[in-house]
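The values are calculated or read from the model by the stated rules, or taken from the named source; none is laboratory data. Quantities reported herein were computed from a predicted structural model and do not represent experimental measurements. Glycine gets a Cβ as well: all are built from the backbone with ideal geometry, and neighbour counts include every protein chain shown. These accessible areas exclude ligands, DNA and RNA; they are computed on the full protein's heavy atoms, side chains included. Shrake-Rupley method; radii C 1.70, N 1.55, O 1.52, S 1.80 Å.
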Amino acid sequence: MELKITGLTKRFQDITAVNGVTHTLTPGVYGLLGVNGAGKTTLMRMLCTLLQPTEGSVTWDGKDIFSMGGEYRRVLGYLPQDFGYYPDFTVYDYLLYIASIKGLRSMTAKERARELLEQVGLTAAQNKKMKKLSGGMKRRAGIAQAMLADPAILILDEPTAGLDPNERIRFRNLISELADTRLVLLSTHIVSDIEYIANEVLLMKNGEICASGTPQELLDAMPERVWSLDLPREAVAGYMRTYKVSNVKTVPGGAQLRIVSEEKPGAEAIPEKATLEDLFLNYFGEREGESNVEI
């Protein structure tokens, strides 16, 4: 199973939202990481055939996905950032309704809906109306609808947006379970969503994939290092303007800064182990004094 993206570009008048993306995806979990506005959603909508590319191609096992029609949609499950539902449907009825749209037979749909409700932890809530669900429960219902046809490709756009920490952990564990035999592409700007479950991370900036690799490969390739440095309070503002600072912690007499810098930022700076959050700051962050940068 192979989803091959070649030179994929999407322009909206004078704006290039996705610019020449090329990558090959095989079964596993891929984390598409970038700030809001980086082009992640546009890329995913093209991979779901909801948008026609301006240039480039996408193939599934050698076939152009835009020519495959229903054959491609049968292997695809998609959870958009904001998915639609009828608020007065119960969770179970909602799944049966989506199953009918996907062309599942009635008996198959009922059996599959019950299986998925158990898998996503919504069996006890299956008779609740969709409008009564919490944000996390709605996202789990969204995953269930995306999984109804047991797709080989699962595309999830900002799936944990608005969820509390417990719901995000539950969601990540669920994705890990679902990724056993399929290709999962998960877009997010929340580093912790993919830190422990992604086999490969794709960093997207200004419509382009600027780096890719396993989390450890990306960290090993960072020329910058991470430092912690204790400073008196009056010196903090100057360091914030000069360096990329990923964290500021108040300590007695001043503050402790976590700094991403190729050079040692001070004589007393102590080297620290880099994390994906440090990597994110390195690619997408800014110094406090900078302007006209993407956040």
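Summary of computed values
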quantity: Projected label distance in nm at Thr6 and His23, using a 7 Å step from Cα toward the beta-carbon; calculated: 1.9 nm
quantity: Gain upon complete extension [Lys129, Ile190; 0.36 nm per residue less C-alpha separation]; calculated: 19.0 nm
quantity: Reference-scaled alpha-carbon Rg (2.2 N^0.38 Å with N residues) for the chain; calculated: 1.13
quantity: Residue-span extension gain [Glu115 to Tyr283] - 0.36 nm each, minus C-alpha spacing; calculated: 56.4 nm
quantity: Accessible surface of the chain, 1.4 Å probe, proportion on carbon and sulfur as whole %; calculated: 46 percent
quantity: Between 0 and 90°, nearest 10: helix 165-178 axis offset from the chain longest Cα axis; calculated: 60 degrees
quantity: Per residue accessible area in Å² of the range 187-295, where ligands, DNA and RNA are left out and the probe is 1.4 Å; calculated: 55 Å²
quantity: Viscosity 1.306 mPa s, 10 °C: Kirkwood-radius Stokes-Einstein D of the range 77-157 over Cα pairs, µm²/s; calculated: 129 µm²/s
